[in-house]
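For reference, the structure discussed in these notes is given below.
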Amino acid sequence: MLEDVLRYLEEHRICPHCKKELTLCNAPSIHVGDGLGWGSEYLFICLNNECPMYVKGWDFIAQQYAHVGSYRYMEIPGSKESYSMMVGGAGAFTGNVVDVEALRQQDQRYQERQKALARLDSCVAEKDLAPVLTLLLDEGASVKDRKRAASLLTELNDLSCVEPLRNHGFRDDSLQHEVNLALRAVLAQNYLRECPYCAELIKTRAKVCKHCNHELPA
Ligand SMILES: [Zn+2]
Ligand SMILES: [Zn+2]
């Protein structure tokens with residue numbers, strides 16, 4: 001889907017009426033004319049207010065239909081189909097313009113997620129915590145993939161996972177629970193636990209916290 005958008009953006013379609021580049025927009029969910037979708041999530045639309053089709057459309061619609069409106073030139077991505085689409089005013093579709101920068105960032109996060117997923121199988125053997133952390137800290141990744149990552153924490157036994165995971169708010173309660181259990185196991189393997197008063201790491205056997213001086217329950 002994201003690949004489609006990035007490919008469409010390379011097409012640089014030109015409006016035959018005004019010779020300006022068409023703008024890639026998110027398609028409205030329903031085509032008012034026939035009640036069907038466009039068959040595409042995206043549309044190329046001429047949003048140029050000086051476009052002759054749009055400028056002349058007002059008079060045409062006033063005469064033909066006796067109401068206020070005009071036409072925008074439109075093409076369907078991935079096809080040669082083109083339409084003139086009736087619009088009620090200059091603001092139509094300006095809120096639907098595809099945000100290229102946001103999509104690129106989304107795409108980058110997606111690529112990083114895929115890379116991390118591919119590395120999960122070998123990360124324990126390679127003692128590589130990075131892909132596990134990438135997935136666990138990514139709220140956009142699926143809970144299933146993140147639980148798989150969480151299940152590797154104990155085996156990885158890398159204390160540097162504690163700080164970033166403790167500081168992350170997990171939206172999924174069951175995932176948070178699994179991460180908590182894994183962190184406790186990692187700490188125990190290293191003869192450590194968290195001080196119940198100040199949350200700093202202390203030795204399992206410590207009787208007094210060296211950070212906050214609280215006496216500790218046995
Ligand atoms: Zn145009
Ligand atoms: Zn303490």
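Computed values, structure above
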{"quantity": "Test: residue in segment 182-199 that is among the β-branched types (Val, Ile, Thr), over 24 Å from the mean Cα position of the chain (by Cα) and under 24 Å from Leu135 (Cα atoms)", "calculated": "yes"}
{"quantity": "Any hit, segment 12-33, residues being more than 30 Å from the chain's Cα centre (by Cα), loosely packed, with under 14 Cβ neighbours inside 10 Å, within 11 Å of ligand 1 (Cβ to nearest atom) and of a type in the set (D, E, K, R)", "calculated": "yes"}
{"quantity": "So Ala92, is it assigned to a loop (DSSP other than H, G, I, E, B), assigned by TED's automatic domain parsing to the domain that holds Lys147 and among the aliphatic types (A, V, I, L, M)", "calculated": "no"}
{"quantity": "Residues (closer than 15 Å to Pro28 by Cα and loosely packed, with under 13 Cβ neighbours inside 10 Å) located in segment 40-91", "calculated": "Gly88, Gly91"}
{"quantity": "Scope segment 124-162; condition among the aliphatic types (A, V, I, L, M), part of a loop (DSSP other than H, G, I, E, B) and more than 16 Å from the chain's Cα centre (by Cα); matching residues", "calculated": "Val124, Ala125, Leu129, Leu152"}
{"quantity": "Qualifying residue in segment 133-143 (condition: in contact (Cβ under 8 Å) with a residue 24 or more places away in the chain, under 20 Å from Gln189 (Cβ atoms) and among the aliphatic types (A, V, I, L, M))", "calculated": "yes"}
{"quantity": "Residue match in segment 106-116 (condition: of a type in the set (A, V, I, L, M, F, W, C) and at pLDDT 95 or above)", "calculated": "yes"}
{"quantity": "Segment 186-197 - residue that is of a type outside the set (Ser, Thr, Tyr) and loosely packed, with under 14 Cβ neighbours inside 10 Å and, of those, farthest from ligand 2 (Cβ to nearest atom)", "calculated": "Gln189"}
{"quantity": "Unmet requirement for Cys123, which otherwise passes all of (1) under 28 Å from Glu11 (Cα atoms); (2) outside the structural domain of Asn48 (by TED's automatic domain parsing)", "calculated": "(1)"}
{"quantity": "Among (1) under 16 Å from the mean Cα position of the chain (by Cα); (2) loosely packed, with under 15 Cβ neighbours inside 10 Å; (3) not in a helix (DSSP H, G or I); (4) not β-branched (Val, Ile, Thr), the one test that Lys115 misses", "calculated": "(3)"}
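Matching residues to (1) under 22 Å from Ala125 (Cβ atoms); (2) at pLDDT below 95:
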| site | (1), (2) |
| --- | --- |
| Leu152 | yes, no |
| Leu156 | yes, no |
| Leu165 | yes, no |
| Asp173 | no, no |
| Ala182 | yes, no |
| Tyr191 | no, no |
| Cys198 | no, yes |
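The values are calculated or read from the model by the stated rules, or taken from the named source; none is laboratory data. Just so it is clear, the model here is predicted, and its values are computed rather than measured. Every residue, glycine among them, receives a Cβ derived from its backbone with ideal geometry; neighbour counts consider all protein chains shown.
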